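Here is the structure we will look at, set down as structure tokens.
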Amino acid sequence: MSTTFAPSTTKLEKLVGKRLRRREDPRLITGTATYVEDVKLPDMHHAVIVRSPHGAADIRSIDISKAKALPGVVAVFTGADIVGVGTVPCGASLPGLRRPDHHILAQDRVYLVGHPVAVVVATDRYIAADGADLVEVEYDIKQAVTDPEKALAPGAPAVHSQWPDNVAFTFHQNGGDIDAAFAEAEVVVKQRITSQRLVPNAMETRGVVADWKTNDRSLTLYTSTQIPHLARTLLAGMLGIEENRFRLIAPEVGGGFGSKLNVYSEEALTAWVSMKIGKPVKWIESRRENFMVTIHGRGHVDYFEIAAKRDGTILGLKLKLIQDLGAFHQLLTPVIPTLSVLMMPGLYNFRNIQAEVVGTFTNCVPTDAYRGAGRPEATHGIERMVDILAAELGMDPAEIRFKNFVRPDQFPFPTATGLNYDSGDYANTFQKALDTIDYHGLRKQQAEARAAGRLMGIGISTYGEICAMGPSVATPAGGWESATVKFEPSGKVTVLTGTSPHGQGQETSFAQLTADELGVPIDDIVVLHGDTSIVQYGIGTFGSRNTAVGGAALFYALQEIKEKLKKFGAAMLKAEEVELGDGVCLNPKTGESVTVQEIAGAAYRGVVIPPGMDPGMVVTKFWEPANFTYPFGAHIIVSEVDAETGDIEIKRYVAVDDIGNQLNPLLVDGQLHGGAAQGLGQALWEQGVYDDNGQLVTGEFMDYTMPRARMMPWIESSHTCTPSPVNPLGAKGVGEAGTIGSTPAMVNSVVDALSPLGVRHIDMPLTPEKIWKLTNGRNA
Amino acid sequence: MKIAGSAKLPFAAERAYAVMQDPLVLAKAIPGCDALEKTGEDEYRLKMKMVLASLSGSFEGKVRLTDSNPPRSFRMLVEGSGKIGFMKGDGLIQIASAPDGGVDISYEGDAQIGGTMAAVGNRMIDMTARMLIKRFFEKLAAEPA
Amino acid sequence: MIANPFEYSTPATLAEALGLIADGAKPLSGGMSLIPMMKLRLASPEHLVDIARLPELNYIREENGELHIGAAVTHYDVESAPLLCGKCPLLAETAGHIGDIQVRNRGTLGGSVAHADPAADYPAALQALEAKIVLRSAAGERVVTAAEFFIDTFTTALEPGEIVTEVVVPVEPGLTGTSYQKCLQPASGFAIVGVAARVRRDGANFGAVQVGITGLTGTSYRATAVEQALVGKPATDETIRAAAAHAADGVEANSDLHASADYRTSLAVSYTTRALHSALSRSA
Ligand SMILES: Cc1cc2nc3c(=O)[nH]c(=O)nc-3n(C[C@H](O)[C@H](O)[C@H](O)COP(=O)(O)OP(=O)(O)OC[C@H]3O[C@@H](n4cnc5c(N)ncnc54)[C@H](O)[C@@H]3O)c2cc1C
């Protein structure tokens, strides 16, 4: 034992709140990270999937003989072979939900372009692709339907013949007294607002490597996922294998944005193929496949009505939400529009709501969670409607918002949709944004610009969101999170988190928190995640939950290990009372101390074990939050429209976000900037377009406009801080804020620019041609 | 996709109508046509190879002529599929005598494209379809009157 | 995204390459158009002949008042070569508008010209420059003008077995102002419309004017109606606006997801106006 009993002299700098660069970045930007594609196992085989080119068709026959005859092809499987494999799971529990059987290979019919029909397995990927080309499938083509409103029209083709109305479910959410609100109304405004399909397009497409060991009955599955543990539980069920013999590894994951918060056919299929042939098998999704068969986001047609008084007081809101579900339910497909409904009241103080969701089948790829997941659609809707109401009343859009905000003294605020907003001062945050951008000065400038014939717009969005998913009652698989803090005998610290960061940067921010709490140098801390054999169970990464739920679980684990350190330290110092701080356990009476590293070493060697304590220095904590958190903010965009060409120029973008306390503001900036890019992407450029026959015509980057760095405006970002009372960190979550706040600000700005022409609403994306049609090429 | 346009042929209406119903002529005029075999009344099996820039692909399908109303109008249905995708066109072709002794042809119909071509070729489909139709009528016009 | 199997040759001389091409092999230059098509299996050539490395196709030189550019010169070299920047700024400027830097580092002038994508940038400039295109096969060489070369959508005057070996453009007289103005399709970066203009003043009037337009229809073209409406007229905004209105005369405009025919036509007029303004301001 090498106890020195001397006070430590070096005080470590506090790191929480510092703009530390990500520890993840060096490996990411030098190409040394290990993604699924980088996993190479001995005797690994390759799978390529044959997919339907049709939106709807009966399969007449499949001839695999030519493919099988190709040298190097090891096996070809079709829908007839996959007996005993479960269907793709859906976690929704809506009453009366119609659940089509979602087989991992098509049975006798295909329901969307890209539907997997057969899988070809070969010794290399090139041969597998050649083999896939040789599979001959005869189809009997049926009429597809891709537009949800057309799908609901009488006489539309049935996506699933057993449900000719194409309705998967209807969901109602009513609060307050909507009839009274509309009876009292002095003004009612109505608008149809769409939120187009978006293709998530993570930089890394999906991919799977499955390694079945027949003798051990064990499976190791590498897959690009946001939810390693949930995926393992669900896939184990589908494949009929034991969870304790199933190790799932999410190696480096190159972005997800919700698209990897799922369990996909290909994960089960690749595993099943490996089990069938007894060899490791790899499947890597091509970008074309990523467009076709990885979930899309959004896909709403919303009919809004707002009832208000002439002074701008909002009395109530009616909504009919038609959700384009696609042909099947992926993990959370039907849940997403219900989140929209929950978020519908936005930041406003009205208590009467009537919402109906019609979940509609179409011959398209399923929609599911995509950055914001239901909340961007809701925010876009309410923020557009408030602007439309202001226009109708001749009120300033800032003024009408101030008039209707929930006031600080109303928290916790129960909403008409049954939520309980935790904390906030919406007017204060909004005022900060208005001051930053000099709103009144801008309105003067706008008047001058208009007088000179220029189309200048100022767009406001004051948004709220539901984050930190969430209490278990509201999160299908459990809303808690877990963390383990482990001192190694050498005094180094390993943190295991049940979250599964894939770009969010928790390897850095959780290390900051741990360093501060334990007084250990950050370089001595490693944060591990994404491997079910290393990490205790966890829920994963989505819904801006990493810090607010996973970080909170870590915080409690840290408190507990600190208690244990104190107990062991006291025993070592033979003191009754000790103080723990800056990595040192101190006997205040004698001035003697031991470092936490020394305590940890001693705890492992079992030299001194305080009564009632166990040896070792490991603590695991599962933590369940009592509520969601509710970040909010205000985004303002100034734009100018070129009437001749329809081009939109963003002149200024001011964002003030309140996400509670921040562990690392640099990471926060990254989240907000990326989110804003995706939000502007929806507002201006992106759209997943199917033609009437079910072809996805924006099937590649050739036609699907991803935002580029050069298209981004400078974002003037600042914050207010209302700590969340829901978790000990006071953090609210920031993963989705940028996406939610930016979109309506952009659209409101352009509508404002065009308002002198009588424009009241424009559906997204605001392509130059749409604008040109409205300006009629004026000035040309 | 809607397809509509017009062309001129230097034939009398009857001859123009007959030319467009003649499988031997159609085989020459359909761009890339390798074979056109009769499989039934006004129905043919089509084999064609499309070569356009670096794109190339073989298609098999059929041509059907219906709603015949000589020498004024008929419907033509062409469909084909191959590894790179599939296409289907259905159009009404109308023939009107022109003052110059020839005929004005107008066509109107729908075309569907599917598979990889549809997913990545959006910006080219319109111009390509127009060019192929133009080539088709140019070939027809070269037939003896 | 995996190509079919193919054979790949890297001949050392042009003659050797032309021999292979005469036997049916397909030229591969920068690969920026061909390789994506192969990966999508929309193109499945059995034999590729790499011509991008041939020294005989890699040069930029001035001869008798003309600039000769080898087919394998990359977009980046066209954009940045001092000789071109100084003596044919229109071509250099146009090259700078192509795709992104990665594409410009690999894609070649000859490849782009031969590919004849209706939305490619160079053709507008080559039309305005009245460029000559040198074609060679195992059997011999011929020279055609840009106007003769670009026939229709992806269709050129190239005969089977023939390749583009060189593009010839004039050394720009010092007083001429030139400009390329492009409305880019935001997803791919290709031109929705691109307009190249060359303007010479004649006192206070327009002297010689050439305008080439790409992207609007199946192939690039000289906007002669615009040119005629300018020559000899006062070099004013009104003249430009009135002339640019003829940009799409007699042209059937393309229509796709990003721009309907009407919108494209309107853009052609707007970008012609811009190109003429810009060229005029650069003329002396
Ligand atoms: C992401 C992206 C963006 C792009 N954006 C633009 C853009 O904005 N504007 C634009 O103009 N282009 C754009 N391109 C296309 C690019 O300019 C290509 O480089 C060009 O079209 C083809 O040139 P290449 O040298 O790459 O030819 P390759 O791809 O090698 O060949 C193209 C075709 O031409 C044939 N060929 C090649 N060389 C010759 C020759 N010398 N003689 C005869 N035939 C030949 C080949 O057989 C093939 O059929 C873009 C490409 C990409 C991938």
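From the set of residues in segment A:268-290 that are among the polar types (S, T, N, Q) and assigned to a helix (DSSP H, G or I), which is farthest from A:Thr78 (Cα to Cα)?
Here the residue is A:Asn290.
Would you confirm whether or not segment C:177-196 contains a residue that is away from the ligand (no atom under 11 Å from the Cβ), open to solvent by 30 Å² or more (accessible area, probe 1.4 Å), away from chain B (no Cβ under 14 Å) and small (Gly, Ala, Ser)? Checking segment C:177-196: not a single residue is away from the ligand (no atom under 11 Å from the Cβ), open to solvent by 30 Å² or more (accessible area, probe 1.4 Å), away from chain B (no Cβ under 14 Å) and small (Gly, Ala, Ser). The residue that is nearest to B:Met117 (Cα to Cα), among those in segment C:20-74 that are away from every other protein chain (no Cβ under 14 Å) and basic (Lys, Arg), is C:Arg53.
Inspect all residues belonging to segment A:691-710 and state whether any of them is in contact with an Asp or Glu (Cβ under 9 Å, 6 or more places away or on another chain) and more than 14 Å from every other protein chain (Cβ to nearest Cβ). No, the conditions are met nowhere in segment A:691-710. Can you confirm whether segment A:636-649 contains a residue that is open to solvent by less than 10 Å² (accessible area, probe 1.4 Å) and closer than 30 Å to A:Gly543 by Cβ? There is at least one residue in segment A:636-649 that is open to solvent by less than 10 Å² (accessible area, probe 1.4 Å) and closer than 30 Å to A:Gly543 by Cβ. Note on segment C:209-239: residues that are in a helix (DSSP H, G or I), under 22 Å from C:Ala253 (Cβ atoms) and β-branched (Val, Ile, Thr) total 2. For beta carbons closer than 9 Å, sequence separation of 6+ or different chains, a first residue in segment A:436-448 that is closer than 14 Å to A:Lys651 by Cα and a second that is open to solvent by less than 20 Å² (accessible area, probe 1.4 Å) and modelled with pLDDT under 95, there are no qualifying pairs. Of all residues in segment C:101-119, none satisfies being within 11 Å of the chain's Cα centre (by Cα), away from the ligand (no atom under 11 Å from the Cβ) and within 14 Å of chain B (Cβ to nearest Cβ). Just one of the numbered conditions (1) more than 14 Å from chain B (Cβ to nearest Cβ); (2) more than 11 Å from the ligand (Cβ to nearest atom) is not true of C:Phe150: (1). If you filter segment C:33-47 down to residues that are out of contact with any helix residue (DSSP H, G or I) (no Cβ under 8 Å at 6 or more places or on another chain) and more than 7 Å from the ligand (Cβ to nearest atom), you find that the one that is least open to solvent (accessible area, probe 1.4 Å) is C:Met38. Within segment A:661-673, does at least one residue satisfy the condition of being within 25 Å of A:Gly505 (Cα to Cα), buried (at least 24 other Cβ atoms within 10 Å of the Cβ), small (Gly, Ala, Ser) and away from every other protein chain (no Cβ under 14 Å)? No; the residues of segment A:661-673 include none that is within 25 Å of A:Gly505 (Cα to Cα), buried (at least 24 other Cβ atoms within 10 Å of the Cβ), small (Gly, Ala, Ser) and away from every other protein chain (no Cβ under 14 Å). The lone criterion from (1) within 14 Å of another protein chain (Cβ to nearest Cβ); (2) of a type in the set (Ser, Thr, Tyr); (3) open to solvent by 50 Å² or more (accessible area, probe 1.4 Å) left unmet by C:Thr145 is number (1).
Name the residue that is farthest from the ligand (Cβ to nearest atom), counting only residues in segment C:48-69 that are outside any helix (DSSP H, G or I) and open to solvent by 60 Å² or more (accessible area, probe 1.4 Å). If we take residues in segment C:48-69 being outside any helix (DSSP H, G or I) and open to solvent by 60 Å² or more (accessible area, probe 1.4 Å), then C:Asn64 is farthest from the ligand (Cβ to nearest atom).
Among the residues here, C:Ala284 qualifies as more than 14 Å from chain B (Cβ to nearest Cβ), in a loop (DSSP other than H, G, I, E, B) and open to solvent by 20 Å² or more (accessible area, probe 1.4 Å). You will find that of B:Lys88, B:Lys8, the residue that is within 14 Å of chain A (Cβ to nearest Cβ), open to solvent by 20 Å² or more (accessible area, probe 1.4 Å) and away from the ligand (no atom under 16 Å from the Cβ) is B:Lys88 and no other. Restricting attention to segment C:240-255, does a residue exist that is open to solvent by 60 Å² or more (accessible area, probe 1.4 Å), part of a helix (DSSP H, G or I) and within 14 Å of chain B (Cβ to nearest Cβ)? No; the residues of segment C:240-255 include none that is open to solvent by 60 Å² or more (accessible area, probe 1.4 Å), part of a helix (DSSP H, G or I) and within 14 Å of chain B (Cβ to nearest Cβ). Scanning segment C:233-284 for residues that are farther than 20 Å from B:Asn122 by Cα and touching an Asp or Glu at 6+ places or on another chain (Cβ under 7 Å) returns a single hit, C:Ser270. Apart from one condition, B:Val19 fits all of (1) part of a loop (DSSP other than H, G, I, E, B); (2) under 19 Å from B:Lys139 (Cα atoms); the exception is (1). Candidates are the residues of segment C:18-32 that are near the ligand (Cβ under 9 Å from one of its atoms) and surrounded by fewer than 22 Cβ atoms within 10 Å (Cβ to Cβ); the one that is farthest from C:Tyr76 (Cα to Cα) is C:Lys26.
Out of curiosity, is A:Gly278 surrounded by fewer than 19 Cβ atoms within 10 Å (Cβ to Cβ) and either touching a Leu at 6+ places or on another chain (Cβ under 6 Å) or in contact (Cβ under 8 Å) with a residue 24 or more places away in the chain (or both)? Taking the combined requirement at face value, the residue satisfies it. Counting just the residues of segment B:101-116 that are touching a residue at least 40 places away in the same chain (Cβ under 8 Å) and either farther than 28 Å from A:Glu138 by Cα or in a helix (DSSP H, G or I) (or both), which one comes out most open to solvent (accessible area, probe 1.4 Å)? Taking the candidates together, the pick is B:Glu108. Can you tell me which residues in segment B:17-54 are within 16 Å of the ligand (Cβ to nearest atom) and open to solvent by less than 20 Å² (accessible area, probe 1.4 Å)? Of everything in segment B:17-54, those that are within 16 Å of the ligand (Cβ to nearest atom) and open to solvent by less than 20 Å² (accessible area, probe 1.4 Å) turn out to be B:Leu52, B:Ser54. Assessment of segment A:720-733 against the conditions (aliphatic (A, V, I, L, M), within 11 Å of another protein chain (Cβ to nearest Cβ) and in contact (Cβ under 8 Å) with a residue 24 or more places away in the chain) yields no matching residue. Of the residues making up segment B:70-85, those that are open to solvent by less than 60 Å² (accessible area, probe 1.4 Å) and in a strand (DSSP E or B) are B:Ser73, B:Phe74, B:Met76, B:Leu77, B:Val78, B:Glu79, B:Gly80, B:Gly82, B:Gly85.
Selection over segment C:120-142 of residues that are within 14 Å of another protein chain (Cβ to nearest Cβ) and open to solvent by 20 Å² or more (accessible area, probe 1.4 Å) gives a count of 0.
Does segment C:78-97 hold any residues that are without any contact (Cβ under 8 Å) to a residue 60 or more places away in the chain and within 12 Å of the ligand (Cβ to nearest atom), and which are they? Passing the criteria: C:Val78, C:Glu79, C:Ala95, C:Gly96.
Looking at A:Glu242, A:Glu289, can you tell me which residue is within 14 Å of another protein chain (Cβ to nearest Cβ) and open to solvent by 10 Å² or more (accessible area, probe 1.4 Å)?
When all the criteria are applied, what remains is A:Glu289.
The values are calculated or read from the model by the stated rules, or taken from the named source; none is laboratory data. What you see is a predicted model; the values in this text were computed from it and never measured. No Cβ is skipped: glycine too gets one built from the backbone with ideal geometry, and neighbour counts run over all protein chains shown. The protein model used for the area step is the full one, side chains on, heavy atoms only, and it has no ligands, DNA or RNA in it. Shrake-Rupley method; radii C 1.70, N 1.55, O 1.52, S 1.80 Å.
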